Amino acid sequence: MVELKIGDCVIQVVQGDITKETTDAIVNAANRTLLGGGGVDGAIHRAGGPEILEQCKKLGGCETGDAKITTGGRLPAKYVIHTVGPIYRDGKHGEPELLRNCYIRSLEVAVEHGIKTVAFPAISCGVYGYPIPEAAKIAITTVKEFVEKNPHFKLVRFVMFGSDTYGPYCEVLKSLGGVEI
Ligand code: AR6
């Protein structure tokens, strides 16, 4: 894993299954309906059980780049923060800004709920087709800037499912001073 300390906060990149995370909240890479899907979204709903979907149904969907919170149901995490990443077309349709907003809005929602430890998947890097090195740069620089400005978090962990994302996310964190441990 790779780790970078920013004041009292640690930013980590690890490989694993986000549904097993014991952080206060995990972030879901959802779609605008918030009514479930495949990938990490499907895995979270399967592991967390029906209570998550019941709460999602009351949220009225979610715009791309925004984030909304529910219970974690049966997950180890107390909360799920659902965010909707951009579908990648060519990078000229606002995709970078929308992806950046996913991380900012998710962390803002976490602050509002007193959540101090949070785990992110590689938003938009699966079905939504974002080029992984570019997504990694946006994800990590956005989180780093946010925790520098908001001395609230203890841990922000990027939980990468496969080596396709793990490698590039590690590289970006190392380029910003992160160390392998
Ligand atoms: N833990 C961590 N990461 C995971 C897990 C897991 N258990 N399972 C998959 N990933 P994707 P997107 C990784 O497609 O691109 C859904 O259907 C996966 O390897 O889940 O934002 C939604 O409903 C990839 O690196 O999300 C939307 O319709 C990353 O999670 C759409 O997919 C994101 O892949 C969202 O697409």
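The table below lists the values:
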| item | result |
| --- | --- |
| Selected residue (only one of Gly65, Gly94 is open to solvent by less than 10 Å² (accessible area, probe 1.4 Å) and modelled with pLDDT of 95 or more) | Gly65 |
| Odd one out for Thr142 among (1) closer than 26 Å to Ser163 by Cβ; (2) touching a residue at least 12 places away in the same chain (Cβ under 8 Å); (3) open to solvent by 30 Å² or more (accessible area, probe 1.4 Å) | (3) |
| All positions within region 165-181 that are part of a loop (DSSP other than H, G, I, E, B) and surrounded by fewer than 19 Cβ atoms within 10 Å (Cβ to Cβ) | Leu176, Gly177, Ile181 |
| Subset of region 28-40 [more than 6 Å from the ligand (Cβ to nearest atom) and over 14 Å from Cys125 (Cα atoms)] | Arg32, Thr33, Leu34, Leu35, Gly36 |
| Scan of region 151-164 for residues that are open to solvent by 10 Å² or more (accessible area, probe 1.4 Å) and under 12 Å from Val14 (Cβ atoms), ordered by number | Leu155, Arg157, Phe161 |
| Scope region 1-38; condition under 22 Å from Thr142 (Cα atoms), among the aliphatic types (A, V, I, L, M) and not in a strand (DSSP E or B); matching residues | Met1, Ile18 |
| The one condition in (1) more than 14 Å from the ligand (Cβ to nearest atom); (2) crowded, with 16+ Cβ neighbours inside 10 Å that Asp8 fails to fulfil | (2) |
| Looking only at region 16-27, and only at residues there that are in contact with a Gly (Cβ under 9 Å, 6 or more places away or on another chain) and more than 9 Å from the ligand (Cβ to nearest atom), the one that is farthest from Asp164 (Cα to Cα) | Asp24 |
| Lone qualifier among Glu148, Glu134, Glu108 - being open to solvent by 30 Å² or more (accessible area, probe 1.4 Å), part of a helix (DSSP H, G or I) and touching a residue at least 60 places away in the same chain (Cβ under 8 Å) | Glu148 |
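The values are calculated or read from the model by the stated rules, or taken from the named source; none is laboratory data. On a predicted model such as this, the values are computed, not experimentally measured, just so you know. So basically every Cβ, Gly included, is an ideal-geometry build from the backbone, and we count neighbours across all protein chains shown. Heavy atoms of the whole protein, side chains included, go into the accessibility calculation; ligands, DNA and RNA do not. Shrake-Rupley method; radii C 1.70, N 1.55, O 1.52, S 1.80 Å.
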